[in-house]
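Comments concern the structure below.
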Amino acid sequence: MLIIHLFLTKSKKNNIENNSSANVEIINQKENISQSNKSLKSSTTIFAKIIFATILFFTLMTIGSLYYVKNMGVYYVVLENNLTEKEAIDLMERMNNSSVFSSNGLSSRILELPNDKYELILRNAYINEDKADSDLEKVKSFQSQFKPYKVGPQKVANYSKKIRYLQNDIFN
């Protein structure tokens, strides 16, 4: 906007200087030409301002969205922790193949922890705490041998995972 304004003010100053130094006949001819040029310049400047405003809008929205996603908290529902790799795989297969889990649209996955330990968590991570609580209550109602709990909000997930979790939150 500043660059466009700079060019507009220079062209106006040049028109004023030309008008003061020329005589009346030349001024009338130049006014006719400048009026036709002004309408052309005004339409091009309006177009340039619209293009600039659009680019600025999308840039600010993108930066704001990336900032929002970066600071977004993610909730996880942990089904069982401190498992060995074999225990985690067996438990995951049992849970994913159970009719109770599949009928409620739930599935589990394994999360590797430090110290060669593993956790079994629900496949979905949650952006919305209410949805995490809802799925946690579903799992607790199954009366299984383990005691699930919710963890979060955590900000450790990368951008692509957070965007997938956000899509899952919006569309499911």
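The values are calculated or read from the model by the stated rules, or taken from the named source; none is laboratory data. All of these numbers come straight from a predicted model, not from anything done at the bench. Side chains included, ligands, DNA and RNA excluded: accessible areas come from the protein's heavy atoms. Shrake-Rupley method; radii C 1.70, N 1.55, O 1.52, S 1.80 Å.
Computed values, structure above
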{"quantity": "Exposure ranking of Ile127, Ile50 by accessible area [1.4 Å probe, largest first]", "calculated": "Ile50, Ile127"}
{"quantity": "Rounded percent of accessible protein surface that carbon and sulfur make up, segment 43-169, 1.4 Å probe", "calculated": "57 percent"}
{"quantity": "Segment 69-152, accessible area per residue, ligands and nucleic acids excluded (1.4 Å, Å²)", "calculated": "56 Å²"}
{"quantity": "Heavy-atom accessible area order for Val151, Val74, Val100, Val156, largest first, 1.4 Å probe", "calculated": "Val156, Val100, Val151, Val74"}
{"quantity": "Accessible-area ranking of Ser98, Ser103, largest first, probe 1.4 Å", "calculated": "Ser103, Ser98"}
{"quantity": "For segment 113-129, 3J(HN,Hα) per residue [Karplus equation, 6.51 cos²θ - 1.76 cosθ + 1.60, θ = phi - 60°, Hz, x = Gly/Pro]", "calculated": "10, x, 6, 6, 10, 10, 10, 9, 10, 5, 4, 7, 9, 10, 8, 9, 5"}
